[in-house]
Amino acid sequence: MTERPTGLFDARYRAFLQTVSDVRAQLHRYCARMTGSRLDGEDLMQEVLFEAYTKIETLDDAHRLKPWLFRIAHNRCIDFLRRREAREHAEGAYSDDIGVVTAEPATTDARRAIERLVGSLPPKERACVLLKDVFDYSLEETAELVDSTVGGVKSALSRGRAKLADLPAGPIGEPSRPPLDPDTARLLQRYVDLFNRHDWDGVRGLTSADARLRVADCFDGLLRSSPYFFEYERNPETWTMEFGEIDGEPILLVLFQRGVQWQVAWPVRVHVADGVIDRIEDYYACPWVIGDSSESDLKLMTESVALGGG
């Protein structure tokens, strides 16, 4: 079995990532809406892509690449939700032979609203509504992707659509997250301050000896073995890092100056354990994570920087 790449990714794996670049934004949308988090969705998609890379020889029809990737993504999402103990209740209420209630499919104008509301549905209904009403898969294709029957998909669609229709008017946000404790907030703000001063020794001083780093599409390994800080140092554009929030999660945001405004380019997730930083995840190669964010799910924690349009 192929081992997960560590350190700088080799040319062969990066070439594979390039071959699937056209479908990645859609895969991310699906994973993000299934998990309820843009960043969890991206982490999951990274796992999906590596699994696909290790199994690519089993795909006998290149035209089936996209649904094959969606099938892997769906299975990974369900595993994720199981681990989060969100699937137990949904499966207890689900049965393939439940009666079908007539419900109209979504119109094109309604798809974006549906996509943002599906987090209120159990996983089975969430997946079927996304695949059928947002991504335009047929009933038969959806059944294959979620390992069900056409009748089962119709049932899940009916229940899901009915529940969405019964939701109260007005926006429904993601579940609230607990606030950062003061010590962690101070540590992350210190990280931001040192990062913006290019004080890389100071930044390293905030991390554990075995701190891990993952830079999407590029590197996965020990921070001390990476060229991470050098890449920021040599960037010729004017950038800054700010403390922010995405989908209700405290996050660090990298911004680039565009004329008189600053524009959010990508997020950085920093994990703290026992008072030190033990993991950094940088999403610089994933513009789709920010690309369709709105003011309601992406914000800066400071008013000192004006957020430019995307």
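If residue 44 satisfies every condition in (1) closer than 20 Å to residue 282 by Cα; (2) surrounded by fewer than 17 Cβ atoms within 10 Å (Cβ to Cβ) but one, which is the exception?
All conditions are met except number (2).
Name the single residue, out of those in region 243-292 being assigned to a loop (DSSP other than H, G, I, E, B) and open to solvent by less than 30 Å² (accessible area, probe 1.4 Å), that is modelled with the highest pLDDT.
In this case the residue turns out to be 283.
Mind counting the residues in region 59-87 that are closer than 21 Å to residue 22 by Cβ, in a helix (DSSP H, G or I), free of Cβ contacts under 8 Å to residues at least 40 places away in the same chain and open to solvent by 20 Å² or more (accessible area, probe 1.4 Å)? Outline the logic, then answer.
Our first condition is that a residue be closer than 21 Å to residue 22 by Cβ; within region 59-87, this holds for 59-74, 76-77.
Those still in the list that are in a helix (DSSP H, G or I) too: 62-74, 76-77.
Imposing the further condition that a residue be free of Cβ contacts under 8 Å to residues at least 40 places away in the same chain reduces the set to 62-64, 68, 72.
Then drop every residue that is not open to solvent by 20 Å² or more (accessible area, probe 1.4 Å), which leaves 62-64, 68.
Qualifying residue count, region 59-87: 4.
Is region 171-194 home to any residue that is of a type in the set (Asp, Glu) and modelled with pLDDT of 95 or more? Show your work before the answer.
Initial filter on region 171-194 (of a type in the set (Asp, Glu)): 174, 181, 183, 193.
Checking which are modelled with pLDDT of 95 or more leaves us with 193.
Yes, because at least one residue in region 171-194 is of a type in the set (Asp, Glu) and modelled with pLDDT of 95 or more.
Of the residues that sit in region 217-242 and are small (Gly, Ala, Ser) and more than 29 Å from residue 36 (Cα to Cα), which one is most open to solvent (accessible area, probe 1.4 Å)?
At the first step, the residues of region 217-242 found to be small (Gly, Ala, Ser) are 221, 225-226.
Now drop any that are not more than 29 Å from residue 36 (Cα to Cα), which leaves 225-226.
Details: 225: 80, 226: 28 Å².
Only one residue tops the list, namely 225.
Among (1) in contact with a Ser or Thr (Cβ under 9 Å, 6 or more places away or on another chain); (2) in a strand (DSSP E or B); (3) over 22 Å from residue 47 (Cβ atoms), there is one condition residue 224 misses while meeting the rest; what is its number?
All conditions pass for residue 224, except number (2).
The values are calculated or read from the model by the stated rules, or taken from the named source; none is laboratory data. Keep in mind the model is a prediction, meaning the values are calculated, not measured. So basically every Cβ, Gly included, is an ideal-geometry build from the backbone, and we count neighbours across all protein chains shown. In case anyone asks, the SASA skips ligands and DNA or RNA and just uses the protein heavy atoms, side chains included. Shrake-Rupley method; radii C 1.70, N 1.55, O 1.52, S 1.80 Å.
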